[in-house]
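To start, the structure itself, in structure tokens.
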Amino acid sequence: MMKSVDVRDIKTLQGKRLEMGDTFRFKCHDRLDCFNLCCRNLNLYLYPYDVLRLKNNLKISSDAFLDQYVDIVMKPSSFFPEVLLKMQENDEKTCPFLSEKGCSVYPDRPDTCRTFPVEHGLLFGDSGEKPEIVHFFRPPVFCKGRHETDEMTVASWAEDQNALIYNDMTARWAAVKALFHQDPWGPEGFQGPKGKMTFMAAYNIDAFQEFVFKSSFLKRYNVKPALQKKIKKNQADLLKFAFSWIKLVVWGIKTG
């Protein structure tokens, strides 16, 4: 999970902090008796790119994915909701994508699953400088993969798990999400038109795509033809554009 971390709290966080050159030992495989135990009873946060990849894997719309697979909750400390993967209604509350053979959406599994047992955070200081990405090695007690001999670094593990694009997209979203520690909505609250539009841009990429290309959006925001072509061709690029648009319409922050 990508968290926003205050520099004053860095020493209180659990797990072993990893610098880029530090190594850890880990390997997950079906010969371990803990295999798939981590896919149960989770508070698994989904990020916008996770939803994009999962709905494409399942060949359904963003709307259908949000309706069927997620719970949307608002934490008291934030002014933008969290999106949680809905566990199955069984005794073990297993992940909806867990099958007898393992993860049924493995090529498009969420960032948190993909980077496990490494967790990432954005470290914010007091000076207003660009946040630093920090990494922690945090396998659960029951995990036997931490006793394997395969040695990894943060970089080699990300490459091994095809996580580079996920890490980049999640870091981009975390930087946007951090802005919502302050209330931007005013009296109308998040349920007002601006809040609903912002959630759509972040998590409902199909609806945002229709909004961008089937309204006066492109003229209103003076989107250059080259960028129009790029975001029309690739939804990942459209999502990056959505993050920039959210910063502009909610916070007045111009990027790029």
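At-a-glance table
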{"quantity": "The one condition in (1) under 21 Å from residue 73 (Cβ atoms); (2) in the same structural domain as residue 51 (by TED's automatic domain parsing); (3) among the charged types (D, E, K, R) that residue 132 fails to fulfil", "calculated": "(1)"}
{"quantity": "Residue in the range 57-72 that is out of contact with any helix residue (DSSP H, G or I) (no Cβ under 9 Å at 6 or more places or on another chain), farther than 15 Å from residue 206 by Cβ, surrounded by fewer than 16 Cβ atoms within 10 Å (Cβ to Cβ) and not basic (Lys, Arg) present", "calculated": "yes"}
{"quantity": "Enumeration of residues in the range 104-122 that are modelled with pLDDT under 95 and either surrounded by fewer than 16 Cβ atoms within 10 Å (Cβ to Cβ) or of a type in the set (Gly, Ala, Ser) (or both)", "calculated": "121"}
{"quantity": "Single condition residue 31 does not satisfy, out of (1) within 23 Å of residue 236 (Cα to Cα); (2) in a loop (DSSP other than H, G, I, E, B)", "calculated": "(1)"}
{"quantity": "Selection count where residues are without any contact (Cβ under 8 Å) to a residue 12 or more places away in the chain and either assigned by TED's automatic domain parsing to the domain that holds residue 18 or over 26 Å from residue 114 (Cα atoms) (or both), scope the range 165-194", "calculated": "7"}
{"quantity": "Close pairs from the range 200-221: first more than 15 Å from residue 243 (Cβ to Cβ), partner part of a helix (DSSP H, G or I) and polar (S, T, N, Q), Cβ under 7 Å, at least 6 apart", "calculated": "206/62; 207/62; 218/228"}
{"quantity": "Number of the condition not met by residue 145 [criteria: (1) exposed (fewer than 15 other Cβ atoms within 10 Å of the Cβ); (2) more than 12 Å from residue 115 (Cβ to Cβ)]", "calculated": "(1)"}
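The values are calculated or read from the model by the stated rules, or taken from the named source; none is laboratory data. Remember, it's a predicted structure, so these values are computed and weren't measured experimentally. Neighbour counts are summed over all protein chains in view; Cβ atoms, including those assigned to glycine, are modelled from backbone coordinates with ideal geometry.
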